[in-house]
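The values are calculated or read from the model by the stated rules, or taken from the named source; none is laboratory data. Note that the structure is a prediction, hence the values are computed from the model and not measured. In this analysis, Cβ positions are derived from the backbone assuming ideal geometry, glycine residues included, and neighbour counts consider all displayed protein chains. With ligands, DNA and RNA removed, areas are computed over all heavy atoms of the protein, side chains included. Shrake-Rupley method; radii C 1.70, N 1.55, O 1.52, S 1.80 Å.
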Amino acid sequence: MNILTVENLTLTFGGLMAISDLSFSVAKGQVTSLIGPNGAGKTCVFNCITGFYRPTGGRILFGGENLVGRPPYQITERGICRTFQNIRLFNALTAVENVAAGQHTRTGCGLLRCLFRTGRSRRDERNVREKSFRWLEFVGLTDFYDYQARQLPYGDQRRLEIARALASEPKLLLLDEPAAGMNHNEQERLLALIREIVQLGITVVMIDHNMGMVMQISNHIVVLDYGRKIAEGPPETVRNDEQVINAYLGEDFDAAS
Amino acid sequence: MPIWERISMPLLELDGVSVSYGKIQAVSDISLTVEEKEIVVILGNNGAGKTTTLRAISGLNPPHHGRILFDGREIHHLPPDKIVSLGITHVPEGRRVFRDMTVLENLDLGGFSRRREKSYLKSRLEMILDLFPRLAERKNQLAGTLSGGEQQMLAMGRAMMVEPRLLMLDEPSLGLAPLFVQLIFNILKETAASGTTVLLVEQNARLALKMADKGYVLETGSVKLSGPAGELAGHDEVVKAYLGG
Amino acid sequence: MAKGRHSLTAGSVALIAGLLVPLLVRNPYYIELGVQIEFYMVLAIGLNMVVGYCGLLDLGYAAFFAIGAYTTGILMTHLHFSFWFCIPFCILGAALAGVIIGGPTLRLRSDYLAVVTLGFGEIVQLLATNLKITGGATGIFGIHPLRLGAHAFSMTDYYYMMIILVVLGVVGAYSLRYSRVGRAWHYIREDEDAAMAMGVNTALFKLYAYITGAMWGSMVGAVYAVSMTAIAPESFSYSQSVLILIAVILGGLGSIPGVLVGAVLVVVLPELLRGVALFRLLVFGLLMVVFMILRPQGMWPENIRGVFKPLVGKTAGKKPGNGSALSLGGGGE
Ligand SMILES: Nc1ncnc2c1ncn2[C@@H]1O[C@H](COP(=O)(O)OP(=O)(O)OP(=O)(O)O)[C@@H](O)[C@H]1O
Ligand SMILES: Nc1ncnc2c1ncn2[C@@H]1O[C@H](COP(=O)(O)OP(=O)(O)OP(=O)(O)O)[C@@H](O)[C@H]1O
Ligand SMILES: [Mg+2]
Ligand SMILES: [Mg+2]
């Protein structure tokens, strides 16, 4: 069953076609990867799904509903959450408070309830705190809970961003280059983390240039080049596709990865 | 100093350097040397202190202990702009481009320290746009709207606008497509051959060790291993931790 | 948090000292100075929610202070309303003005707000100076002081009344800081895009911050009107807005103890400098520059770390959802 379907998605900036007539779907409970050369339009696809960019044309169906035109916060409410390619954490705030951001849509106290600390708001607070620490632990950052986000090394910042996204209890998690800046060891840990996320029943769509990792974990791969889909299928098919090798992987891909 | 000493002198030398952020000691007692025209790679886990080491050299996080010598001259007390003018350029972690400026404006800024030499800069700019055709296509686009990889190309291009004596790169392959990573590494090799010394931090250990002359492995702020790149690539611990053997 | 307890003790000591002042000091000059400090404290607490918490640069905060003061002045002198009955009108007026100004501008992401609020502050002061109902340049006088039975409030009574307001403000500001709304404001301040991605309706929450500040400011204005019994446009000028902003920045953006300290400095420093008469403002300005160079984060910066404490013994062993037992512990070895 598909959790997300992208139909004829098109996005242009002035004369530039960042995405042209792209269609693909994401199967529920699986890992789908989006790969392609630099500037192929992968991040733009994420930006369209999460409402940061408004596509020029096409539809994005999630839970039987077209998401196009909805603002980002409504899309997060519906259960899609993302990380950013250029890590975007709340730099001056602590790691836990960053994670707590995820709980924003899962709690509902408004101004007055918060001001007067009603019973419900206090209950919510306890919950948020508990959940934030648990997600922090899930990604292995408990010890750094009161570090400011900017004080964490790059790789840890990436994991913190994932924890923050998970805290929004998404059905669909979009990861934009989660392995960037990680060495082999850390990638192994990330791989295990993503597997665990999938086990929680969360569907993952991932963009990454680390082919070793992508080939290992993906059930399905969509390849973009110049905004168009040039190939699609399971890892074995994609890695042997002539067009993909020419545009993206390179001849000696297996040796290089 | 006598000429024979000068010849054998490394271009860059860190001697017992320690750096801390407030109470946190990020780098402790690191010593390393980089010879002229060499490519040296620093490997290490997340949080090992690689970025901090580069920042110490470029004066962004001055060490509280130890000495940093560039060309035989102490630089650890100099402010970053002085260090740049000595010929050290730093491509920072995570593509720091000027988001609200165009690609060309970003590149122009890279040439700031030699801004009087118009024709030199013009030829450099042409060379860089040749090297990264994608940047040429997007000359007038705001840097903040470039794709991640395009920003990485821009950050590198900007650093190469003037031919520095020492080029320091913090994870240059970050976010680059596989084909392109190889291209970048080839460019670095050519750069080194043409006289620029390269010091880089890199997560893609396999490729980096293939290209580099020498490597250092950091662990929790200290040098754990060092040696010729070829030897390191065969070292058990390195294979296990960074190459996935 | 040790640090949290630290500021609690400091706060209690300051509060007790504040309560004792009128008993120990008989000189009315000091009481009046105290009241002035209190006004800046409450105003700074209000502006801090806008600028410190949410990161919205508001350069016309005095406008809301004016709306409250003038609404009260007009209602009490022309319509003979009782003071307490004026308050809802003040709050309503400020909220309305807040929506009209903030509604359209807060949708935009850049620094238009600074320009618009600057203009708004000017407009309000111009209106006050030129309208008939506001008494023109002379303002409104003869506002009846508050009464408790037959007893008319003295300056000392207002001093105590303002202490209550300060305490209410501090408690309210702390409650908001450690709540869903206060956190959302901080997320917006830190990175609006990321806040949006985490599901914060940024336009709405920015409006919340702006209007909360507005309503609070106008309420303070109402108290100002009765306690002074006369108001005039010059109390609500651009420089008033700036002075409140200075209290916030000098003390430490986002920090409640900080802005209280800032308010004290903003009132006391110029008073101490009376000796240098002509150069008073010049020296005040220089001091400010020196302070900012020495302590760029403010006198008492925000304690970011105190927000969440770990749940001792509770997190261990639990995984979110129905997670497996796979261990991923120990980042950044
Ligand atoms: N706001 C914008 N204005 C103009 N061009 C844009 C904008 N956003 C993206 N682009 C362009 O659209 C193209 C696709 O960008 P996108 O960020 O989706 O690439 P990507 O596939 O994620 O690449 P990378 O792997 O390098 O991150 C790029 O060439 C980029 O320069
Ligand atoms: N601004 C800061 N304040 C406090 N601690 C910091 C700060 N920046 C880095 N650190 C700490 O210094 C140590 C070294 O960090 P550094 O960024 O140098 O690591 P790194 O080797 O570059 O890691 P990565 O591979 O993740 O980039 C880490 O433990 C980190 O938490
Ligand atoms: Mg991208
Ligand atoms: Mg680093």
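Hey, B:R95 hits all of (1) closer than 27 Å to B:V223 by Cβ; (2) modelled with pLDDT under 90 but one; which does it fall short on?
All conditions are met except number (1).
Just one of the numbered conditions (1) in contact with a Phe, Trp or Tyr (Cβ under 7 Å, 6 or more places away or on another chain); (2) open to solvent by 20 Å² or more (accessible area, probe 1.4 Å); (3) more than 30 Å from A:T50 (Cα to Cα) is not true of C:M196; which one?
Of (1) in contact with a Phe, Trp or Tyr (Cβ under 7 Å, 6 or more places away or on another chain); (2) open to solvent by 20 Å² or more (accessible area, probe 1.4 Å); (3) more than 30 Å from A:T50 (Cα to Cα), only one is false for C:M196: (3).
Check B:R96 against each of (1) open to solvent by 70 Å² or more (accessible area, probe 1.4 Å); (2) more than 16 Å from ligand 2 (Cβ to nearest atom) and name the one condition it does not meet.
Evaluating B:R96 over (1) open to solvent by 70 Å² or more (accessible area, probe 1.4 Å); (2) more than 16 Å from ligand 2 (Cβ to nearest atom) leaves (2) as the failure.
I'm trying to understand the selection: among the residues of region A:173-200, which are facing another protein chain (nearest Cβ under 7 Å), more than 21 Å from B:G149 (Cα to Cα) and either without any contact (Cβ under 8 Å) to a residue 40 or more places away in the chain or within 15 Å of ligand 4 (Cβ to nearest atom) (or both)?
A:N185, A:E186, A:A192, A:Q199, A:L200
State which residue is farthest from the other protein chains (Cβ to nearest Cβ) when the search covers only region A:151-172 and only residues that are under 22 Å from C:R180 (Cα atoms) and part of a helix (DSSP H, G or I).
A:I162
In region B:51-65, which residues are more than 14 Å from chain C (Cβ to nearest Cβ), touching a residue at least 60 places away in the same chain (Cβ under 8 Å) and within 13 Å of ligand 4 (Cβ to nearest atom)?
Scanning region B:51-65 gives B:T53, B:L54.
Quick test of your reading of the structure: B:A48 fulfils all but one of (1) more than 16 Å from ligand 1 (Cβ to nearest atom); (2) farther than 24 Å from B:K210 by Cβ; (3) within 14 Å of chain C (Cβ to nearest Cβ). Name the failing condition by number.
Every condition holds for B:A48 apart from (2).
Please go through region B:106-157 and pick out each residue that is under 25 Å from A:D208 (Cα atoms) and among the charged types (D, E, K, R).
Correct list: B:R134, B:E137, B:R138, B:E150.
Can you name every residue in region A:138-150 that is surrounded by 21 or more Cβ atoms within 10 Å (Cβ to Cβ) and at the interface with another protein chain (Cβ under 7 Å from one of its Cβ atoms)?
A:F138, A:V139, A:L141, A:F144, A:Y145
Of these, B:L78, B:L142, B:L135, B:L104, which one is away from chain A (no Cβ under 14 Å), within 16 Å of ligand 1 (Cβ to nearest atom) and among the aliphatic types (A, V, I, L, M)?
Within the list B:L78, B:L142, B:L135, B:L104, the selection yields B:L104.
Is region A:208-219 home to any residue that is within 19 Å of A:A27 (Cα to Cα), more than 16 Å from ligand 3 (Cβ to nearest atom) and of a type in the set (V, I, T)?
Checked region A:208-219: at least one residue is within 19 Å of A:A27 (Cα to Cα), more than 16 Å from ligand 3 (Cβ to nearest atom) and of a type in the set (V, I, T).
Keeping to region B:149-159, report how many residues are within 16 Å of ligand 2 (Cβ to nearest atom) and either within 11 Å of chain A (Cβ to nearest Cβ) or modelled with pLDDT of 95 or more (or both).
Going through region B:149-159 one residue at a time, the tally reaches 1.
Which one is nearest to C:P22 (Cα to Cα) among residues in region C:151-184 that are open to solvent by 40 Å² or more (accessible area, probe 1.4 Å), more than 11 Å from chain A (Cβ to nearest Cβ) and at pLDDT 90 or above?
C:Y160
Rundown of residues vs (1) surrounded by 17 or more Cβ atoms within 10 Å (Cβ to Cβ); (2) among the β-branched types (V, I, T), yes/no style:
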site: B:I42; (1), (2): yes, yes
site: B:P79; (1), (2): no, no
site: B:E105; (1), (2): no, no
site: B:L131; (1), (2): yes, no
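Could you check, for region A:178-201, whether at least one of its residues is part of a loop (DSSP other than H, G, I, E, B), away from ligand 3 (no atom under 16 Å from the Cβ) and open to solvent by 10 Å² or more (accessible area, probe 1.4 Å)?
Yes.
Could you grab me the full set of residues in region C:90-117 that are surrounded by 18 or more Cβ atoms within 10 Å (Cβ to Cβ), assigned to a helix (DSSP H, G or I) and not small (G, A, S)?
C:C90, C:I91, C:I101, C:T105, C:L113, C:V116, C:T117
Mind checking which residues of region C:273-305 are in a helix (DSSP H, G or I), at the interface with chain A (Cβ under 9 Å from one of its Cβ atoms) and either out of contact with any Leu (no Cβ under 7 Å at 6 or more places or on another chain) or at pLDDT 80 or above (or both)?
Matches in region C:273-305: C:R305 only.
Hey, among B:P178, B:P228, which residue is within 9 Å of another protein chain (Cβ to nearest Cβ), free of Cβ contacts under 8 Å to residues at least 60 places away in the same chain, more than 16 Å from ligand 2 (Cβ to nearest atom) and under 23 Å from B:L43 (Cα atoms)?
None of the other options fit; the residue is B:P178.
Restricting attention to region A:58-94, and to residues there that are without any contact (Cβ under 8 Å) to a residue 24 or more places away in the chain and open to solvent by less than 20 Å² (accessible area, probe 1.4 Å), which single residue is farthest from the chain's Cα centre (by Cα)?
Taking the candidates together, the pick is A:L67.
Test each condition in (1) more than 10 Å from every other protein chain (Cβ to nearest Cβ); (2) farther than 30 Å from A:I162 by Cβ; (3) touching a helix residue (DSSP H, G or I) at 6+ places or on another chain (Cβ under 8 Å) for C:K132 and report the one that comes out false.
Of (1) more than 10 Å from every other protein chain (Cβ to nearest Cβ); (2) farther than 30 Å from A:I162 by Cβ; (3) touching a helix residue (DSSP H, G or I) at 6+ places or on another chain (Cβ under 8 Å), only one is false for C:K132: (3).
Give the number of residues within region A:224-240 that are of a type in the set (A, V, I, L, M), in contact with a Ser or Thr (Cβ under 9 Å, 6 or more places away or on another chain) and under 11 Å from A:L34 (Cα atoms).
Residues flagged as of a type in the set (A, V, I, L, M), in contact with a Ser or Thr (Cβ under 9 Å, 6 or more places away or on another chain) and under 11 Å from A:L34 (Cα atoms) within region A:224-240 amount to 1.
Look at region A:10-32 and say how many of its residues are open to solvent by less than 10 Å² (accessible area, probe 1.4 Å) and either within 13 Å of ligand 3 (Cβ to nearest atom) or β-branched (V, I, T) (or both).
Of the residues in that region, 4 qualify.
Can we say B:S194 is open to solvent by 20 Å² or more (accessible area, probe 1.4 Å) and either within 16 Å of ligand 3 (Cβ to nearest atom) or in contact with a Gly (Cβ under 9 Å, 6 or more places away or on another chain) (or both)?
So B:S194 fails the test.
Suppose we keep only residues that are within 19 Å of the chain's Cα centre (by Cα) and at the interface with chain C (Cβ under 7 Å from one of its Cβ atoms) within region A:100-111. Which one would you say is surrounded by the fewest Cβ atoms within 10 Å (Cβ to Cβ)?
A:T105
Working only within region A:51-75, note down all residues that are under 14 Å from A:L4 (Cα atoms) and not in a loop (DSSP other than H, G, I, E, B).
Within region A:51-75, A:G58, A:R59, A:I60, A:L61, A:F62, A:E65, A:N66, A:I75 qualify.
Check A:E125, A:E97, A:E130 and return the single one that is open to solvent by 20 Å² or more (accessible area, probe 1.4 Å), at the interface with chain C (Cβ under 8 Å from one of its Cβ atoms) and within 17 Å of A:A163 (Cα to Cα).
Unique residue meeting the criteria: A:E130.
Could you pull out the residue among C:L75, C:L15 that is part of a helix (DSSP H, G or I) and farther than 27 Å from C:S175 by Cβ?
C:L75
Does B:V162 satisfy being within 16 Å of ligand 3 (Cβ to nearest atom) and at pLDDT below 90?
no
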